[in-house]
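First up is the structure itself, then whatever we jot down about it.
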Amino acid sequence: MHSLQTYPNTMGFTVTASHNPASYVGIKTVVPTPEGHKVHAIGMNSGPMGGLKIVRELYHNGEEFPSADGGSVTYHDLCREYIEYSMAEAGVKEGDLSGLTVVLEAMNGSAGPELHQAFTKAGCKVVAMRSVPNGLFPYGSPNPTSQGKMEPALEAAKGLAAEAGSLVVIGMDGDGDRMVFGDHRGILAAGFAFIPILQECGFAPGAEARPVLYDPKVNPVSLAEWGKLSAKPVLYRNGHSQIKDYMYQIGAIAAAEESGHYYHELNLGEVKGVTGENSCLTTLLFLKAVKKDAGLMDRLQAGQASVFVTGEFNYQFPDDDTRDKALAAVIKHYTDGGASSTTHGPDGSDLEGTCLEFGVTIDPPTVELKEGWYAGYLRVATNEKGVVRAYFSAGDAASGGEIEKQARDILGGTFGGNIVE
């Protein structure tokens with residue numbers, strides 16, 4: 001956004017370390033839209049001319065492009081501007097969040113220093129954990145949604161809960177675009193954490209219904225709460241660039257993935273209508289809502305307690321053929337038991353995975369749930385070879401635990417898959 005405003009017709013290109021295996025890097029690319037005053041994220045099959053698809057075709061078509069000398073490198077440290085912009089967008093002034101204690105688990109990623117500064121400037125007391133960036137990631141894979149990763153932060157929060165008053169736990173991944181929220185009682189599913197964020201974005205009962213994207217893993221109970229705020233949940237597949245592209249297409253001003261990614265429509269000066277992430281904005285909106293509503297965390301935790309969620313669990317197989325057979329066997333097991341399955345969204349878009357539902361009827365903004373309901377999403381990993389990713393939610397721990405066990409028995413027992421992060 002800043003580059004486009006300062007240098008029109010500039011492409012933005014960032015290489016990052018996320019929660020991926022050490023052999024992978026993250027790549028984020030944005031380009032100006034044809035209007036010239038907006039930024040458009042590009043990925044495979046998304047963005048102008050198909051995004052990275054046309055880039056790949058050009059790379060492999062044998063055509064040679066002349067090079068030119070005369071380029072230059074300019075370094076900009078935009079940390080201060082980023083924090084000030086994010087606070088202004090969130091409607092948070094210096095000192096507004098005094099009285100809040102934040103346990104910030106940054107996992108040695110890039111977001112730690114910026115969020116620490118922003119929260120402190122807003123008045124929070126910050127208890128920092130692994131807030132110094134370290135590309136070696138000595139704590140292991142920097143993924144706050146992985147099982148057990150947030151336990152040290154939760155333990156720290158338990159020790160502070162009695163005297164801290166309002167307390168929030170926030171965890172970040174390596175490149176700062178994946179986050180989790182909670183308190184000393186545990187981490188919230190993203191669907192529940194998004195409720196106060198939507199409220200601070202202007203969604204309210206009786207307001208004009210506006211589309212909000214969600215991915216197939218968001219639990220249906222939280223979707224019902226979104227609907228009460230006049231948000232119209234729109235199912236769409238995973239994929240950061242694809243989600244931002246689709247937000248741009250349908251005019252959605254917010255989106256959430258259960259994996260801990262949140263998206264907003266952003267504005268900066270002449271640059272309008274950018275669909276993208278801003279973790280500082282997202283976290284400040286959540287904290288602002290907690291500051292305003294003393295009972296908010298109690299209600300969110302009560303909602304969380306009403307739903308069983310597995311978190312994402314992944315199995316890797318020696319080859320893609322075994323992976324595909326294992327995935328097909330899991331899907332058949334549940335559909336034989338009465339679950340419905342779908343691979344496409346309401347608009348016909350490919351979900352790039354299979355949604356399973358039993359006892360669930362979603363007709364936005366209404367969600368009907370029958371006793372014994374569960375929902376799941378299974379897909380092939382896009383970045384890792386031979387990996388199946390699975391996620392389930394259910395109405396109670398007993399039935400949900402059995403649903404998860406059945407999937408693990410097939411993936412790990414029958415087909416010999418190995419558990420991976």
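Any read-out appearing in this document is the output of simple, stated calculations on the displayed coordinates, not a laboratory observation. For clarity, every value in this text was computed on a predicted model and none was experimentally measured. A quick note on method: Cβ atoms are made from the backbone with ideal geometry, for glycine too, and the neighbour counts reach across all protein chains shown.
Listed values, structure above:
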{"quantity": "Cα-Cα P(r), the stretch 214-356, percent of pairs per 10 Å interval", "calculated": "9, 31, 35, 19, 6, 0"}
{"quantity": "Charge tally in the Cβ shell below 14 Å around Asp175, where Lys, Arg are +1 and Asp, Glu are -1, Asp175 excluded", "calculated": "-2"}
{"quantity": "Anisotropy class of the stretch 176-262 from Cα gyration tensor, a/c 1.5 cut", "calculated": "oblate"}
{"quantity": "Low-density loop cleavage sites - trypsin sites (Lys or Arg not before Pro) in the stretch 92-156, where at most 15 other Cβ are within 10 Å (DSSP)", "calculated": "Lys93"}
{"quantity": "Volume of the Cα convex hull of the stretch 79-305, divided per residue and given in Å³", "calculated": "119 Å³"}
{"quantity": "Among 381-394, 298-311, the order from most to least packed when residues are scored by Cβ within 10 Å on average", "calculated": "381-394, 298-311"}
{"quantity": "Convex hull per residue volume in Å³, alpha carbons only, for the stretch 106-194", "calculated": "95 Å³"}
{"quantity": "Per-q log10 I(q)/I(0), the stretch 230-278, q = 0.26 Å⁻¹ (Debye; single scatterer per alpha-carbon; no solvent)", "calculated": "-1.02"}
{"quantity": "Cut-off under 5 Å, modelled amide H: who pairs with Ser166 long-range", "calculated": "Thr101"}
{"quantity": "Rg/Rg_ref, the stretch 146-195, where Rg_ref = 2.2 N^0.38 Å and atoms are Cα", "calculated": "1.14"}
{"quantity": "Low-density loop cleavage sites - chymotrypsin sites (Phe, Trp or Tyr not before Pro) in the stretch 1-105, where at most 10 other Cβ are within 10 Å (DSSP)", "calculated": "Tyr75"}
{"quantity": "Debye equation applied to the C-alpha atoms of the stretch 90-133, log10 I(q)/I(0) at 0.30, 0.31 Å⁻¹", "calculated": "-0.98, -1.01"}
{"quantity": "DSSP-loop GluC sites (Glu not before Pro) across the stretch 115-221, with at most 16 other Cβ within 10 angstrom", "calculated": "Glu208"}
{"quantity": "For the stretch 308-396: Kirkwood Rh in Å [reciprocal of mean 1/r, alpha carbons]", "calculated": "13.9 Å"}
{"quantity": "Label-to-label distance, nm, for residues given as Glu368 and Lys272 (7 Å Cα→Cβ offset)", "calculated": "4.2 nm"}
{"quantity": "Antiparallel DSSP beta bridges within the chain, percent to nearest 5", "calculated": "75 percent"}
{"quantity": "Summed side-chain charge close to Ala17 - residues other than Ala17 whose Cβ falls under 13 Å, Lys, Arg +1, Asp, Glu -1", "calculated": "-1"}
{"quantity": "Rg(Cα) / (2.2 N^0.38 Å) computed for the chain, rounded to two decimals", "calculated": "0.98"}
{"quantity": "Max mean-square fluctuation residue, GNM over the chain, Cα-Cα springs under 10 Å, options Asn45, Asn278, Asn108", "calculated": "Asn45"}
{"quantity": "Cα-based equivalent ellipsoid, the stretch 1-151: semi-axes from gyration tensor eigenvalues, Å", "calculated": "35, 22, 14"}
{"quantity": "Projected-area average for the stretch 111-157 over all orientations - Cα convex hull basis, square nanometres", "calculated": "3.6 nm²"}
{"quantity": "Neighbourhood charge, 15 Å Cβ-Cβ cut-off, centred on Met87 and excluding it, Lys, Arg +1 and Asp, Glu -1", "calculated": "-2"}
{"quantity": "Label-reachable residues, the stretch 319-337, where backbone N falls under 20 Å from a point 7 Å from Asp409's Cα toward its Cβ", "calculated": "325-337"}
{"quantity": "Of Gly186, Gly348, Gly376, the one that fluctuates the most in a GNM where the chain has Cα springs shorter than 10 Å", "calculated": "Gly348"}
{"quantity": "Most mobile of Asp175, Asp183, Asp409 in a GNM of the chain (Cα contacts under 10 Å)", "calculated": "Asp409"}
{"quantity": "Over the stretch 2-60, equivalent-ellipsoid semi-axes from the Cα gyration tensor in Å", "calculated": "22, 16, 9"}
{"quantity": "Dipole axis of the chain (+1 Lys, Arg; -1 Asp, Glu on Cβ), positive-most option in Phe194, Val102, Thr74", "calculated": "Val102"}
{"quantity": "For the stretch 63-199: relative contact order, % (alpha-carbon pairs under 8 angstrom, 6 or more apart)", "calculated": "24 percent"}
